[in-house]
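Bear in mind these aren't lab numbers, they're just calculated from the coordinates by the rules spelled out. None of these values were measured; they are calculated from a predicted model. Please note: Cβ atoms are built from the backbone with ideal geometry, for glycine as well, and neighbour counts cover all protein chains shown.
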Amino acid sequence: MKKRGGAIRYNKDHRPLVGSASMGLFGAGHRYEIDSTIADVYLVHRVNRLWLIGRPVLYVVVDTFTRMIVGIHIGLEGPSWNGARHAIYNACTPKVDFCKRYGIDIDELDWPCSHLPVELVADRAELLSEAGEAMTKVVGTTVKILPPFRPDWKSIIESRFRLINEKLDLKFVPGGVDARKMERGDRDYQLDAILDIDEFTEMVIVGVLAHNKSLRVPHLLNREMIAAGVEPTPIELWKWSMENSMLNAKAVSPAELKIALLPSRECRISRGGINFQGVQYTCQTAVREEWLERSHNFQTKYVRVYYDPNSIENCWVKSDAGFEPLTIVPQHSQKYGGLRMEEVLDIIKIVNQVSPDARYEADNIAAQLKGRQEDILDRAKIKRAAQGEPKSNADFKRDKRSKRATEAQRERDLHSADLNQLHVVDNSPVTAETPKRAVSNSARSAAFLKLVVNAGKETNE
């Protein structure tokens, strides 16, 4: 069968289904699965409800062992890491304040999920990108990407999307997408949209709370759970697992996790600062440990910077004491302070662009410079040839110090001649004329005259 249909089709549709997704797991919090989908509803703008903004992206994080929905995020970006990180943050932090933000009052035990998973699994590489790898190093969660062409391996998360749609009956919500194809003459369901993103998020939260408390999963009960009389729902399985599991679920402070989930990049340290996207930063550790001073000692040094894509000023580095904020150096703070990252990148790109007119002007100036340099060199060669050749190379290089001194004195005499003109009060119109050389009786002027006389004698001889 594998030869006839191919390995991909065999693994997806015909392989034996022995075991379950929960096999090999030690309890709640061992493995989280994350995925995203386009929600089946159209939304309107929060400011003006006559502005249709399209369908939102729904991110869901599910605990594999209990089928508990541990985190969600509804956004307008994605699928991408920038949206997924909000769902992961929600999955690993307490939910009371999150629900209160949308007008829902809950107790901590109503949604008791605020732990870091041992594993985080996704089937889309864009959800767990380079930022996901950095999260692994910071909080210790192992990130796994499922292979392509294996939708059977993500049946748990896919079924959560279906259950949420069924719980909320989205196709009957104004603006909801009906699964059937619209017939000619049917009203466009986009025109019925009335929900904004906050109201839809509130609906999803209510649906998730109902799912966690009412979904029946008797096939997940083991012998110990049956003996303890555990109700076969995700939230009861979660509570039992947290009390009896061998897995030591780990928690992290919300502030540290929020920074750890930000996108990050290795940035070069130079004498001007920590260079990130063309902007220079510094921090207390950099000053104390002299990062900038040591950066030019024949060894390029780098540091990982965690940054907020929405603000150029929100950047951090990881130090022994935790995450330390970066500050923009003064000369760049005046130029870029308060701007979004995209705005700064646009400014740098535009400033560095060279227009065709500017490029033509630069080429023209370079050609003029080259021509003038060649003209100066030609005149100097003619003057040098008129002097004749020196007796020897040694004679040409002899007495450089005294010759340099006489030339310097000649320059000073010329400058003095210019200053002497300032003593003359003349109301006549200013005319350009060659300044007269001042007569100097200094020893160096006498040495210059002696040098000229001797050179004349040698030429006559």
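Rg then Dmax, both in Å and based on the Cα atoms of region 252-306: 12.7, 40. Shape class of region 346-410 from the Cα gyration tensor (axes a ≥ b ≥ c, square roots of the eigenvalues): prolate, since a/c reaches 1.5 or more and a/b is larger than b/c. Remark on residue 252: its backbone amide H falls under 5 Å from those of 116, a criterion applied only to residues 5 or more positions apart or on other chains, H modelled at 1.01 Å from N. Distances between placed amide hydrogens fall under 5 Å for residue 35 paired with 60, all partners being 5 or more residues away or on another chain. For residue 270, nonlocal amide neighbours, meaning residues 5 or more places apart or on other chains whose placed amide H falls under 5 Å from its own, are 275.
The peptide list 109-117, 97-105, put in order of mean Cβ contacts within 10 Å with the highest first, becomes 109-117, 97-105.
What the phi angles of region 343-351 give under the Karplus curve with 6.51, -1.76 and 1.60, with θ = phi - 60°, is a coupling list of 5, 5, 4, 5, 4, 4, 5, 5, 4 Hz, glycine and proline written as x.
Our analysis of region 262-352 gives Rg over Rh at 0.95, with the two radii drawn from alpha carbon positions and Rh computed by the Kirkwood formula.
Working note: Karplus 6.51/-1.76/1.60 with θ = phi - 60° gives region 323-337 the couplings 8, 10, x, 9, 10, 6, 4, x, 5, 8, 5, 5, 8, 10, x Hz, where Gly and Pro are set to x. Protection proxy ranking, highest mean first, for peptides 322-328, 353-359, 85-91: 85-91, 322-328, 353-359, where packing is the per-residue count of other beta-carbon atoms within 10 Å, averaged. For a test of the definition: using alpha carbon positions, the gyration tensor, and the 1.5 limit on a/c, classify region 210-298 as rounded, prolate or oblate. Note, shape of region 210-298 comes out prolate. Using the Karplus relation 6.51 cos²θ - 1.76 cosθ + 1.60 with θ = phi - 60°, the per-residue 3J(HN,Hα) values for region 307-314 come to 9, 8, x, 8, 8, 6, 8, 9 Hz, with x marking Gly and Pro.
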